[in-house]
Amino acid sequence: MRLKHLAIFAAVAVGGLSVPAMAYDTPPELMMVVPPAPKGKGLVVFYRSASIFGAAISCAVSENDKKISSMGVGRYFVYAAEPGKHSFSVSSEAKDQVTLELEADEVQYVGCRIKMGIMAGRPDLFPAKEADFRGNKKLSLSDPKSYGEGVLKPEEIATLAGVTVTTPAAAH
C-alpha cells in the first residue's frame, strides 16, 4: 500500500494527475511515417519524446484557441495546413507558443516537452528538425480520437506515403 501512495505522490510531484496516456496501437507499418504534404499544403509534425518526466501530463496543441490534438509520452501526430503563418500553443498553469511560417509542400517539426512548473508540469513547444524527430526511434501515432480538423488520420498518412497497412490498429 505504501508503494501505491509513493507512486501517486511521485506522479503529482512530477507533473500532476491530469490526462491518462492515449491507448492507440499504431500499425507497425506507420511507426514514425511522415508522408509528403498534400498538394498545396504544408505539414507540421508534432512529437513528444518518451521521457518519463511529466508522463501524466498530455501536450494538448491548439491553434487560435482551437484544439488540434493531444499527445502523450512517445506519441506524434501530423497536421496539414495552408501555407502561411501559424501560431500553435499548449497550456497548463502557463501558456507556451511557437510560431511557424509554413510553405506549400514543406514539412516542419515541433517538439513538446514537460518542464517543471509551480503546481504542475507545464508543456513547452519548440521548433525541431527531422533528425530530432527521428532520434526518438519508436514514436507512435497519438490516438485518432483526439484529432481535430487538419490532423491526418492513419489511413490518410498511409495513402499519402504509399504504405500498405496489413495489421489493423487496435483502439482500446
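The values are calculated or read from the model by the stated rules, or taken from the named source; none is laboratory data. Small disclaimer: the values here were computed from a predicted structure and weren't measured. Virtual Cβ from ideal backbone geometry, glycine too; neighbours counted across all protein chains shown. Accessible surface areas use protein heavy atoms only, side chains included; no ligands, DNA or RNA. Shrake-Rupley method; radii C 1.70, N 1.55, O 1.52, S 1.80 Å.
Quick notes on this structure:
- Pair list, Cβ < 9 Å and 6+ apart or interchain, from the range 129-140 residues that are in contact (Cβ under 8 Å) with a residue 40 or more places away in the chain to residues that are among the basic types (Lys, Arg) and surrounded by 10 or more Cβ atoms within 10 Å (Cβ to Cβ): Asn136/Arg48; Leu139/Arg48; Leu139/Arg75; Ser140/Arg75
- Positions within the range 104-135 being loosely packed, with under 13 Cβ neighbours inside 10 Å, part of a loop (DSSP other than H, G, I, E, B) and modelled with pLDDT of 80 or more, in sequence order: Lys129, Gly135
- First in the range 69-85 and closer than 23 Å to Ala161 by Cα, second anywhere and open to solvent by 20 Å² or more (accessible area, probe 1.4 Å) and among the aromatic types (Phe, Trp, Tyr), Cβ under 8 Å, 6 or more apart: Ser69/Tyr79; Ser69/Tyr147; Phe77/Tyr147
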